[in-house]
Each structure stands twice: as C-alpha cells, then as structure tokens.
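Reviewing the structure listed below.
Any read-out appearing in this document is the output of simple, stated calculations on the displayed coordinates, not a laboratory observation. On a predicted model such as this, the values are computed, not experimentally measured, just so you know. Glycine also receives a Cβ, built like all others from the backbone with ideal geometry; neighbour counts cover every protein chain displayed.
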C-alpha cells in the first residue's frame, strides 16, 4: 500500500551519527545516511544556512534529503553542524567564525568522505553554505556544486573565476523572490563561470518553505542525472514518521 511522503517521513536507509575532526582540534556533530542495501551512486555533503539565523544540519531541505534520497535516488547524504552550531543531534565544538575558520569544517567533511571511500562527492550549499562551498570547497575530491539560494556575500570574483577554471559543474538554484539574489541578477553574477547552470524557481523564497520537493528534484537531476525526476511523492515500502525538535543555535 502506497503512503504519501510527508515532511517527516523517514524512508529506509543505513543511518549513523558521525563526528568530524577539524585540523584546529574541534569535533563536529553530524550524520551519514546511506542507501539501505546498495552502494551509493554519489555523495552529497550538505553545508547549512547561517547558524546565527537558525541554520543547522536539520534545516528542512537537508533533513528531507537525508530522510528520502538514500532510498529514492541511492545517494549518500552527509550533513553536519558547523562550529558552534546546535541541532537535535547535538552542538559542535567551537564558535561561529563568519565563514573563516569554517574552512576547517569543510575540509573535515571532505576528509571523512575520502577516508570512508564515499563516491562522487558533491557539495550542496544553502545560503551561507553556498559561500562556504565557493570559498572553501574547490577540492580535488569535489566533482561539482549545487548552490541553493546563494547570496554571494563572501564569495568574490576570484572564487568564481577559480571554479570557472576548474571546469567543475555548478548548479545555482535561485528563488524568484529571494531576499538576496534573484534570477536575473544571478545570471549576471554567475556569467564568469561559463559552465554554471542558473535555474530560477517561480513563486519561491530564500527559505524554500513548501518548496523542498522542487529543491530535491533539482539536486538529484544535477548529481545523479540517471535517476528520473520528479522523485516519487509516495512510497510502497516500510517507512517511519519522525518528529524533529528544532534547536536554536
């Protein structure tokens, strides 16, 4: 019997809490979700929105990615709290550093993925996480980037140029009514990355409230183009419902 996939529906996966260790001695709280019975076809490392404004590993698009994409798209989903950020899973060591020392956090996630032989690593940043991706994420292990609501607040033309020279794919998902960067301006700003694909999302705002399915479809299309989208909105197998406690960081 098919059941509707709702916001708190948890589909089958192998899930485990993880701890990332940074080069400057911090421990970061995270989770890795893997397909239940198959190797992952690709890996998402999720970099969350601004923690000073409530961003964390449980931010709703990333929570739903971890709940659904191992089962629906055979993707590994690694999400974690950057330094000083708290969620239901716990608080990471350290303190928010405005995107500077967070370079160690990004590096720790990439080192974890490499050590555990996670395949085809993509960075998926959302808001603040897109600046972390563009500024600190151009690593040989990274195959490409998905940028959700990028404000381009700390990312400079030099960072964009470096991604352009890398040739790695960049997918920018831009809400029509974003608070910081809307589709027309985004196309101008990302013109310095010839391979960048800038896609506008109608009737969508910066936080993607009510629009998570569209974001997940776009992520899967970018990272695993062999998976049909839109993704199923119902599920025929076992599932759970999980209530998530939102913790202020």
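Mind checking whether some residue in the range 203-212 is more than 20 Å from residue 233 (Cα to Cα) and exposed (fewer than 14 other Cβ atoms within 10 Å of the Cβ)?
Taking the range 203-212 as the starting set, the residues that turn out to be more than 20 Å from residue 233 (Cα to Cα) are 203, 205-207.
Keeping just the survivors that are exposed (fewer than 14 other Cβ atoms within 10 Å of the Cβ) gives 203.
Within the range 203-212, one or more residues are more than 20 Å from residue 233 (Cα to Cα) and exposed (fewer than 14 other Cβ atoms within 10 Å of the Cβ).
Sort out which residues of the range 135-158 are within 14 Å of the chain's Cα centre (by Cα) and within 14 Å of residue 105 (Cα to Cα), and write them in order of number.
If the condition is that a residue be within 14 Å of the chain's Cα centre (by Cα) and within 14 Å of residue 105 (Cα to Cα), then 137 is the only one that fits.
Among (1) touching a residue at least 40 places away in the same chain (Cβ under 8 Å); (2) closer than 17 Å to residue 46 by Cα; (3) in contact with a helix residue (DSSP H, G or I) (Cβ under 7 Å, 6 or more places away or on another chain), where does residue 128 come up short?
(3)
Scan the range 13-20 and tell me whether some residue there is outside any strand (DSSP E or B) and under 25 Å from residue 221 (Cα atoms).
Taking every residue of the range 13-20 in turn, at least one turns out to be outside any strand (DSSP E or B) and under 25 Å from residue 221 (Cα atoms).
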